[in-house]
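Peer 1: Here it is, the structure, as structure tokens.
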Amino acid sequence: MPFVRIYTNTKSKEEKINISDSIHSSLMKHFHIPLKDKFHVFTQVNKEDLVFPDEYLNVKYKDIIYINILCKEGRTIEQKKNLYKSCAEAIEKSTSYSKSSVFITISETSVENWSFGDGLAQMLEI
């Protein structure tokens, strides 16, 4: 049930697909989400509109991709740490971004705050 927002300056359709697939495969592996539970939105941002330092918390930045994952509550710290690592490594492997460029935040919410369509609260029916 994660909803993923991705803010990037890449214009390449192929790179966007690779980013999305990297995030989704990591979510399936570490958050145990289903294959079809893939809801991602890309926001194209001009490079000059991405604000970040050259270095922060021992991470050196040349470029950046911001990823916000909205999901239900309940994942462990270990699951989250594994997800961060998996996403960064998969994105680095399949795109022009280095893993140091992958900035991820997770926002958690309870299941009654979700509707997947039809005006229903599907997660409350499970």
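The values are calculated or read from the model by the stated rules, or taken from the named source; none is laboratory data. Nothing here was measured: the structure is a model prediction, and the numbers come from that model. In this analysis, Cβ positions are derived from the backbone assuming ideal geometry, glycine residues included, and neighbour counts consider all displayed protein chains. To get the accessible areas, we keep the full protein, side chains included, count just its heavy atoms, and leave off ligands, DNA and RNA. Shrake-Rupley method; radii C 1.70, N 1.55, O 1.52, S 1.80 Å.
Peer 1: Would you mind calculating the relative contact order of the chain from Cα pairs under 8 angstrom and at least 6 residues apart, reporting the percent as a whole number?
Peer 2: About 31 percent, as a whole number.
Peer 1: Report the extension gain between Ser115 and Ile33 in nm, rounded to one decimal, defined as 0.36 nm multiplied by the number of residues separating them, less their alpha carbon distance.
Peer 2: Values: separation 82, 0.36 × 82 = 29.52 nm, distance 1.65 nm.
Extra length available between Ser115 and Ile33 comes to 27.9 nm.
Peer 1: Quick one: of the DSSP bridges fully inside the chain, what percent are antiparallel, nearest 5?
Peer 2: Numbers: 7 of 21 bridges.
The antiparallel fraction comes to roughly 35 percent.
Peer 1: Between Gln79 and Val51, what length comes free when the chain is fully extended (0.36 nm per residue of separation minus the Cα-Cα distance, one decimal in nm)?
Peer 2: That pair, Gln79 and Val51, stretches by 7.2 nm at full extension.
Peer 1: Please list the non-local residues whose amide H lies under 5 Å from the amide H of Phe39, H modeled 1.01 Å from N, same-chain partners needing a gap of 5 or more.
Peer 2: Sorted by chain and number, the residues that satisfy this are Val4.
Peer 1: Shifting gears a bit: Could you work out the pair-distance distribution P(r) of region 19-126 from its alpha-carbon pairs, with 10 angstrom bin width and percents rounded to whole numbers?
Peer 2: All Cα pairs considered, the percentages come to 12, 41, 32, 13, 2.
Peer 1: Take the Cβ-Cβ distance between Thr105 and Asp63 as r, set R0 to 22 Å, and report the resulting FRET efficiency rounded to the nearest 0.05. Mind showing how you got there, number by number?
Peer 2: Values: r = 18 Å, r/R0 = 0.80.
Efficiency at R0 = 22 Å is approximately 0.80.
Peer 1: Using amide H atoms built 1.01 Å from N in the peptide plane, name the residues 5+ places from Thr109, or on other chains, whose amide H lies under 5 Å from its own.
Peer 2: Excluding prolines and chain starts, which carry no amide H, the hits are Cys71, Lys72, Glu73.
Peer 1: Where the accessible area of the chain is counted over protein heavy atoms with a 1.4 Å probe, how much of it, in %, is carbon and sulfur? Can you show the working numbers first?
Peer 2: Details: 4190 of 7860 Å².
C and S fraction of accessible area: 53 percent.
Peer 1: Quote the charge dipole size of region 17-60 about the Cα centre in Debye, to the nearest 20; the model charges only the Cβ of Lys and Arg (+1) and of Asp and Glu (-1).
Peer 2: Numbers: 5 positive and 6 negative charges, 61 e Å.
It comes to approximately 300 debye.
Peer 1: Give me a comma-separated list of calculated 3J(HN,Hα) values for region 86-100, in order, Karplus coefficients 6.51, -1.76, 1.60 applied at θ = phi - 60°, integers in Hz, x for any Gly or Pro.
Peer 2: Using θ = phi - 60°, the values come out as 4, 4, 4, 5, 5, 5, 4, 5, 10, 9, 7, 7, 7, 5, 6 Hz.
Peer 1: Still on this structure: Compare the peptides 38-51, 66-79 by average per-residue count of other Cβ atoms within 10 angstrom and give them in order, highest first.
Peer 2: 66-79, 38-51
Peer 1: At 0.36 nm per residue, minus the direct Cα-Cα distance, what do Lys11 and Gln44 gain on full extension? Give it in nm, one decimal, please.
Peer 2: Going from the current span to full extension adds 11.1 nm.
Peer 1: Can you figure out the FRET efficiency of Gln122 with Glu92, using R₀ = 35 Å and their beta-carbon distance, to the nearest 0.05?
Peer 2: Here the calculated transfer efficiency is 0.50.
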